[in-house]
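One structure is given here, and the rest of the page talks about it.
The values are calculated or read from the model by the stated rules, or taken from the named source; none is laboratory data. No experiment lies behind these values; they were computed from the predicted model shown. Using ideal geometry, Cβ is built from the backbone for each residue, glycine included, and neighbour counts are taken over all protein chains shown. Quick note on the areas: whole protein, heavy atoms, side chains included, nothing else; ligands and nucleic acids left out. Shrake-Rupley method; radii C 1.70, N 1.55, O 1.52, S 1.80 Å.
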Amino acid sequence: MRLSRYITLISISLFLSCNKDKSGKDGKTNDTLLLADKYEVSLPKLSKKYLTENKNYAENFYNKYYNPKDYSGGFLVAKNGQVIYENYSGFAYKEKGWKIDAETPLHIASVSKVFTAVCVLKLVDEGDIELDKSVQTYLPTFPHEATTVRMLLNHRSGLRNYAYFTDDKGVWDKKKTLTNQDVLDLLATKPIGLESKPGTRFGYCNTNYALLALIIEKATGKSYPEAMKEMIFEPLGMKNTFVFDNLEKKDEVSQSYKNNYLRLAFEFLDQVYGDKNIYSTPRDLLKFDIATYSDEFLSPEMKTEMFKGYSYETKGQRNYGLGIRMLEFETGQKYFFHNGWWHGNTSSLVTLRKENVTIIALSNKYTHKTYKTKKLAPHFGDYPFKFKDEEIGAE
């Protein structure tokens with residue numbers, strides 16, 4: 001048994017096809033990335049020399065920083081939607097002998113937030129959601145009138161993290177599984193309070209994205225898993241990607257482990273989605289990343305809103321857009337990414353927009369190696385990083 005009904009082979013090559021009628025600005029023939037009938041992105045085809053040289057570089061990088069004998073997960077590097085290098089190792093479910101390969105969905109932790117944000121922005125494009133409307137417009141019992149949808153997306157709501165306030169005395173019985181609706185109900189009925197006044201400062205908070213999942217459900221009339229499947233996963237051919245929303249099926253998905261392969265148990269927070277709980281593969285994440293270049297998938301206006309910073313109350317390079325982290329350098333270069341960590345699962349999605357490069361690392365056995373994706377960026381573009389021996393943190 002291999003992750004039951006969730007696993008279906010789908011190759012990146014299925015959405016790469018040469019279209020000789022389209023030419024790039026340099027006069028070279030482009031490839032049309034066929035994501036679905038209504039979406040396509042035209043990007044230059046990589047030369048064999050480029051692919052060979054960069055495959056060798058990426059492979060050496062992987063062997064240096066990841067060690068396939070110890071790493072449990074997947075790693076992929078691509079440019080213009082074309083895979084340069086990928087590697088898979090370890091176990092999805094060690095006790096059952098399920099090995100990880102290119103078709104194995106792993107929990108992508110907070111990289112799920114990028115999907116939630118894009119789904120919201122697509123609904124804005126369709127006129128079903130307005131970014132600057134109060135959250136109360138869509139969730140009437142939400143207690144803070146000044147909080148907008150945009151503030152949830154860019155983490156400027158001032159809300160407390162549900163993973164923390166459920167620890168407060170008398171707030172929640174941890175013997176009961178928490179749901180997204182429960183998060184909203186607790187905010188509406190308990191004295192949870194705010195960390196800060198809405199709109200005044202950045203504060204990364206999972207509660208924001210648990211509420212955004214409810215707003216998606218209200219706007220579409222569908223469950224969040226159904227909406228994601230119909231609006232993103234199926235149109236992009238992401239057949240190894242799904243939202244996990246049923247703890248009764250916890251033995252049907254990849255597990256998470258400590259760094260010594262001690263399996264970690266699922267818990268009462270593991271049914272909340274929007275902020276986490278998407279399972280995917282590097283190949284499927286590549287399809288999603290390439291889709292974000294398509295003006296048919298996401299309008300130019302929404303892409304502009306997504307990939308700009310909103311938090312400048314303190315000086316520094318770090319910022320957050322709508323569902324995407326960024327580093328803004330004095331040179332004008334911007335580095336876009338999102339990392340994740342949940343139980344033993346760690347994840348990193350790097351999208352170098354200027355160079356059309358995608359770097360992805362997923363692991364289900366706890367490690368900080370996943371976040372070393374950042375070290376590969378300067379090979380592809382002018383990213384003025386100054387690396388220390390210790391790597392950056394997860395979130």
Check your understanding: Which pairs have Cβ atoms under 8 Å, sit 6 or more apart or on different chains, and link a residue in the stretch 198-227 that is at positive phi to one that is not in a loop (DSSP other than H, G, I, E, B)?
Key -> G199/T148; G199/M151
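From the list E330, E296, pick out the single residue that is open to solvent by 60 Å² or more (accessible area, probe 1.4 Å), touching a residue at least 40 places away in the same chain (Cβ under 8 Å) and either β-branched (V, I, T) or not in a helix (DSSP H, G or I) (or both). I'd like the intermediate steps shown before the answer.
Values: E330 fails: touching a residue at least 40 places away in the same chain (Cβ under 8 Å).
On inspection, the qualifying residue turns out to be E296.
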Practice item. Starting from the stretch 55-70, take each residue that is among the aliphatic types (A, V, I, L, M) and list its partners that are surrounded by 12 or more Cβ atoms within 10 Å (Cβ to Cβ), counting only C-beta distances under 6 angstrom and pairs at least six apart or across chains. Key: A58/V77; A58/I84; A58/Y85
Practice item. Give just the number: which of (1) without any contact (Cβ under 8 Å) to a residue 24 or more places away in the chain; (2) closer than 30 Å to Q82 by Cβ does L286 not satisfy? Key: (1)
Review point. When the stretch 66-105 is examined, which residues are found to be within 22 Å of the chain's Cα centre (by Cα), of a type outside the set (D, E) and not in a strand (DSSP E or B)?
Key: Y66, Y71, S72, N80, G81, G90, I100, A102, T104, P105
Review point. Is the stretch 341-360 home to any residue that is aromatic (F, W, Y) and in a loop (DSSP other than H, G, I, E, B)?
Key: no
Practice item. Name the one entry in K28, K49, K20, K69 that is more than 24 Å from M238 (Cβ to Cβ), modelled with pLDDT of 95 or more and open to solvent by 20 Å² or more (accessible area, probe 1.4 Å). Key: K49
Review point. Of all residues in the stretch 233-274, which are open to solvent by 50 Å² or more (accessible area, probe 1.4 Å) and in contact with a strand residue (DSSP E or B) (Cβ under 7 Å, 6 or more places away or on another chain)?
Key: N259, Y261, R263
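Under the condition of being assigned to a loop (DSSP other than H, G, I, E, B) and open to solvent by 10 Å² or more (accessible area, probe 1.4 Å), which residue from the stretch 313-327 is nearest to W98 (Cα to Cα)? Steps first, answer last, please.
Filtering the stretch 313-327 down to residues assigned to a loop (DSSP other than H, G, I, E, B) leaves 313-317, 321-324.
Next, from what is left, pick out any that are open to solvent by 10 Å² or more (accessible area, probe 1.4 Å): 313-317.
On the way: E313: 47, T314: 46, K315: 47, G316: 44, Q317: 41 Å.
It comes out as Q317.
Is one or more of the residues making up the stretch 276-289 open to solvent by 10 Å² or more (accessible area, probe 1.4 Å), among the hydrophobic types (A, V, I, L, M, F, W, C) and not in a strand (DSSP E or B)?
Checking the stretch 276-289: not a single residue is open to solvent by 10 Å² or more (accessible area, probe 1.4 Å), among the hydrophobic types (A, V, I, L, M, F, W, C) and not in a strand (DSSP E or B).
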Exercise for review: Return the only residue of Y209, Y204 being over 23 Å from P225 (Cβ atoms) and at pLDDT 95 or above.
Suggested key: Y204
Exercise for review: Can you give me the number of residues within the stretch 274-307 that are in contact with a Ser or Thr (Cβ under 6 Å, 6 or more places away or on another chain) and under 18 Å from V350 (Cα atoms)?
Suggested key: 6
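Which of the helices (runs of 4 or more DSSP H) found entirely inside the stretch 131-232 contain at least 1 residues meeting this: surrounded by 21 or more Cβ atoms within 10 Å (Cβ to Cβ) and of a type in the set (A, V, I, L, M, F, W, C)?
On the way: elements: 149-153, 162-165, 180-189, 206-220, 224-228.
The helices (runs of 4 or more DSSP H) meeting that bar are 149-153, 180-189, 206-220, 224-228.
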